[in-house]
Structures are given as structure tokens and as C-alpha cells.
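Enquirer: Structure below; questions to follow.
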Amino acid sequence: MKRFSKGILILLLVFFSVMVFSPSQVMAAKVKKVPATKVNKWDFTKMPDMSDFDPNNPVIPTGDTFKIAVLAPFSGPAAGIGQQYWITVLWAAHDINKRGGLMIDGKKKMIQVLKADMEFKPDVTKKVAERMILQEKVNVLWGTAGSANMKVLNEIANKYKVITIDTPALTDDLYEGANFTRYSFMTCWSSGQIGRGMAYFYGQRKKEKKFYILCQDNLFGHVFGEGFKKGLKEYYPEAEIVGEEYHKMFLPDFAPYIAKIKASGAEVVYTGDFPPDVTNMVKQARQLGVTIPFANIFVETPEALADLGIEGSKGLVQISWYGTKPPLFKDEGMTKLYKEWNNAWKKWKEPYNTKFYEHFWASTASYVEQTYWLFNVVMRAASADPEKIIKVWEGDTYQYANGKIQHMRACDHKTVQDLHVFEYVPPDQQKEMFNIPPYHFFSESSGPGPTFTIPASKIMPRIDPTMDRCKGVK
């Protein structure tokens, strides 16, 4: 098979690392509905011409600006993740700057984005974050990869009272108990929601009943498997686990496991594997005649899907953090945002000229949208004062360009949101989701088609009942 690109592998390795969370006795909150409030959003029909956006040669204003430090690994083996974070923040900042900037404490200010190379190390994260605050005088810390690094970032935010946005680190514990700080906001999904979300999907679907869990033999693999089993007990108790295996990472031969899957009578394989393992697993399964769905979260990169081909990727089931009810392009705003990105991409140079960045979609789009949320909050706060920003953000409700709604739970700064499950179908059947020319994501593989919404009320982020701020919150 084709070799998976090093850059994309690093991205997924880092994404895998931020998904791991330590066990605790904290229970998940169960609520009947999400708080209703005013929905805030940007008007993307007023988005400026972004054809001049070049992530390799960005226009970054200086002087009296509103400063954001992007804490990411910009050097070393995980530099690929820094590249992804960098372009997402730059894009949103470039847009808002071309609209005239933000009104900050009585005057219009441009957004200045700074690189802060934390090398994927907690000690470096601490050192660099403090330099950004004390020397560069940044207003916001944006980051970061790895739960251990995000924990450090939150500690620094609390110490210096600087607003921090957590866009990629999914660990529930980061915003519970002594780890909580008023100055940091978790705008992404949380690890505890994933297994319950997929279990809820199958519990409502009730088409398949027999599940085979096959994950990597590491902490995340076991957590991923346990989360799904607990979710099935809650939402689909009549379901049956017909097999559960945990394999070594970077396994070249899945034939023994595939034989067990065939013998088990499983109707779905549930896996938390990241590429290249999940790509090899599905590809070998298809070659050996196993055509049942693989329920996953990581098979979304163009390289992995192209390696599987249209038939090999057909029938995949993916839970997503940048999902929406079909169609993707509901209005002029989302269409304009997508086209501005895609047209600009055609002129980008390495490392941004790959198919990974071609579409405004998946994790990259999620990071961009979370950054837009930050800017929208600052715009409404009309101030760089952390207390004024906190006042606006706690309890805030914001809408992405694709229609997805995010609600910031005030007591612990975790985001309440619907999630979505995609069924992958061939290109000629993707028009339901991708409803503008060419009416599909990629011609080389299957992609998102039929979509199922998991209501936020069914997958509320865990809540720590020992936190005084959260007592009585439902």
C-alpha cells in the first residue's frame, strides 16, 4: 500500500495523544435540554476577498494590536501539527483584520498572531507561555497539543490571569476540580462524549446489534473501548459485544483479527485506531471479504481514504466534531467561506498545497471556527480585559458557518454541542452533504453522505459535582 505521509501521521499521532484522559470518579451530567439563549455568529456573506492569504508569507500587523500566541510544536517531529494550528488562526485573523479589526477598549485594533514553539514538552510550554505573557504582552494563549501541555498552559493562564482557548486537547479532567481556571475555555468536544455518542447512534438506529471492538493496545485504545461499552449499556442495552481485542501499534498483518471478526458474526467493527493501523485494518478486511461497517473517528484524511479507494471506504461510519445536518452549504455565508478557502488553497505552496488542506472541513475547519468564536466574544466584550471577556463567554451560544451550535457551559467552561455521525458513500451519492459543484469531497474515495445528529442533551460533557461552581447545574 502507499505510505501514509509523515506530516499527516504526525497530526494524527498528536490528535491521538490529546484524546487520552485519566480515569476519575467524576460522573457525566444528565440533562433534558440545552439552555436556550441568543445565538451569536459572524456574517460570512461580508467576508472579504481572501485570495491574498498566504500561510507561508502571512501579513501580520504590529504595533498597538490585540495579540494571540499560538502555542504549538513548530519544530521537531510534531511540527506538522504546528503548521495546521498556524494556518487556522492566521486565516481567521486575516479575515477579521480585512474587515477592519476589533473594537478594543475604545479603539479599533488589528489582530497580531505570534508563533510560540512549545516543542510538545510541558517544561518548554511553561517557559514559552510565560515569555509570551511577560515579554510579548499577549492577550490570549491559543493551544495546545497534548493534555499534559494543556494542563501547564491552563496553570499559566490562571497564574497571570490571561485568557486561554483550548481548541484541541479533549481531556475532561482539564476543566474539573483543581485543574479548572476561570481564564481558560474548552471550545472543542471532550473525550467522554465520543463513545457515548456512537453508542447513542447505534441505539437509535437499531439496525446492527453485534459489535466487535478492535483497538490499539494503549491507554487511549482501552479508554475508547470502555467508553463505547458504557455507552451501549446506557443507550442500547440489547446490543452484544461479540469480541474485544487490543493489538500492538503499527501492526502489518491484521489477518488473525479479521478471521476472528468473520467467525464472530459481528455486524460492526468499532475501532479507535489512527492511521496507518486503521487504514491497514480496513483495507485488509476488505481484501479478505469483510464488508461490514467500521465505526471510527480517524479515517477522514484524503490520503487514508484514497488508499482505501471508493469501495474500501464505502460503509465507514464516522463520528465528527465538525458535523452538521445536511447539506453542508445551507446558505450564502458557508458557501462563500468554503470557496474563499478553496480558491486560496490553489495558490498555496508546501506544506499547505496538499489535499489535506484542499477543503474547509474536518479538524482544520473546526480549529478555524473555534478561533472565530474567540474573536466574536472579544468583539462583543469590546475589551481586552479578561474579566469582561469571561463575562461574555460564560453561558455564550455561538453558531459556526456550517450551522453547528456551540454553548459554553458557564460553571466549568466545557462546550455543550450536538455531534454528528456520517455514513460514507461513493462520490456520486455525496450530493446530500456536498451540495455545490463538484457535489462530492474527493473523487478517489467514498465520503460523508447520510448524517445522523446526536443531540447535545444525550452526550453532555462530564460535570464535576465537587466543584462549588457546578453544584446544582443540570
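Enquirer: Treating only the Cβ atoms of Lys and Arg (+1) and Asp and Glu (-1) as charged, compute the dipole magnitude of region 50-163 about its Cα centre; round to the nearest 20 debye.
Expert: Working: 15 positive and 11 negative charges, 73 e Å.
It comes to approximately 360 debye.
Enquirer: Just the isolated ones, please: cysteines in the chain lacking another cysteine beta carbon under 4.7 angstrom.
Expert: CYS188, CYS215, each lacking another Cys Cβ under 4.7 Å.
Enquirer: Going 7 Å from the Cα of ILE436 along its beta-carbon direction, which residues of region 345-365 have the amide nitrogen within less than 16 Å of the resulting point?
Expert: Within reach of a label on ILE436, which here means backbone N under 16 Å from a point 7 Å along Cα→Cβ, region 345-365 contributes 345-346, 358-362, 365.
Enquirer: Given only helices, namely DSSP H runs of n ≥ 4 each adding -39500 (n - 2.57), what is the per-residue ellipticity at 222 nm of the chain, to the nearest 500 deg cm²/dmol?
Expert: -11500 deg cm²/dmol, from helical runs alone.
Enquirer: Compare the Cα positions of ASN296, SER363, ASN280 along the charge dipole of region 277-384 (+1 at Cβ of Lys, Arg; -1 at Cβ of Asp, Glu; about the Cα centre) and return the one farthest towards the positive end.
Expert: Farthest towards the positive end: SER363.
Enquirer: Pull out the extension gain between LYS210 and ALA259, defined as 0.36 nm times the separation in residues minus the alpha carbon to alpha carbon distance; nm, one decimal.
Expert: Difference between extended and current length: 16.0 nm.
Enquirer: Once you put a point 7 Å from the Cα of SER443 and another 7 Å from the Cα of ASN40, both along the Cβ direction, what distance in nm separates them?
Expert: Result for the modelled spin labels: 4.4 nm.
Enquirer: Quick one: work out the % antiparallel among DSSP beta bridges in the chain, nearest 5.
Expert: The antiparallel fraction comes to roughly 40 percent.
Enquirer: Follow-up. Using only the alpha carbons of region 377-425, what is the convex hull's orientation-averaged projected area in square nanometres?
Expert: For region 377-425, averaging the hull's shadow over all directions gives 4.5 nm².
Enquirer: If you don't mind, there's one more thing I want to ask. Starting from the Cα gyration tensor of region 244-284, take the square roots of the eigenvalues, sort them a ≥ b ≥ c, and report rounded, prolate or oblate (rounded when a/c is under 1.5, otherwise prolate if a/b is larger than b/c, else oblate).
Expert: In terms of gyration-tensor shape, prolate.
Enquirer: Once the Cα gyration tensor of region 105-146 is found, what semi-axes does its equivalent ellipsoid get, as square roots of 5 times the eigenvalues, in whole Å, sorted largest first?
Expert: The answer is 24, 11, 8 Å, longest axis first.
Enquirer: How large is Rg/Rh for region 327-474, to two decimals, with Cα atoms and a Kirkwood Rh?
Expert: When Rh is taken as the Kirkwood radius, the ratio is 1.04.
Enquirer: Looking only at Cα atoms, what is the convex hull volume of region 187-323 per residue, in Å³?
Expert: On the way: hull volume 14.9 nm³, N = 137.
Residue-normalised Cα hull volume stands at 109 Å³.
Enquirer: Restricting to DSSP loop positions (anything but H, G, I, E, B) with no more than 10 other Cβ atoms inside 10 Å of their own Cβ, which trypsin sites (Lys or Arg not before Pro) remain in region 160-241?
Expert: LYS206, LYS207
Enquirer: Can you give me the P(r) profile for region 55-174? Cα pairs, bins 10 angstrom wide beginning at 0, each as a whole percent.
Expert: 14, 46, 32, 8, 0
Enquirer: Which order do the peptides 310-320, 237-247 take when ranked by the mean count of other beta-carbon atoms within 10 Å per residue, highest first?
Expert: Highest to lowest by the protection proxy: 310-320, 237-247.
Enquirer: Calculate, in nm to one decimal, what LYS98 and GLN135 gain on full extension: separation in residues at 0.36 nm each, minus their alpha carbon distance.
Expert: 10.6 nm
Enquirer: Further, regarding this structure: In Å³ and rounded to a whole number, note down the convex hull volume per residue for the Cα atoms of region 118-210.
Expert: In region 118-210, the Cα convex hull volume per residue is 112 Å³.
Enquirer: Could you size up the charge dipole of the chain around its Cα centre, putting +1 on the beta carbon of Lys and Arg and -1 on that of Asp and Glu, and report it in debye to the nearest 20?
Expert: My answer is approximately 940 debye.
Enquirer: Taking a virtual spin label 7 Å from the Cα of ARG182 along the C-beta vector, which residues in region 151-166 bring their backbone nitrogen under 15 Å of it?
Expert: 157-164
Enquirer: Quick check: residue separation of ASN353 and ASN56 times 0.36 nm, minus the Cα distance between them. What number comes out in nm?
Expert: Extra length from ASN353 to ASN56 when fully extended: 105.8 nm.
Enquirer: In square nanometres and to one decimal, what's the mean projected area of the convex hull around the Cα atoms of region 310-360?
Expert: 5.0
Quick note: the coordinates plus some simple rules give every number you see, no bench work behind them. Predicted, not measured: the structure shown is a model, and the values here were computed from it. Every residue, glycine as well, gets a Cβ built from its backbone with ideal geometry; the counts of neighbours run over all protein chains shown.
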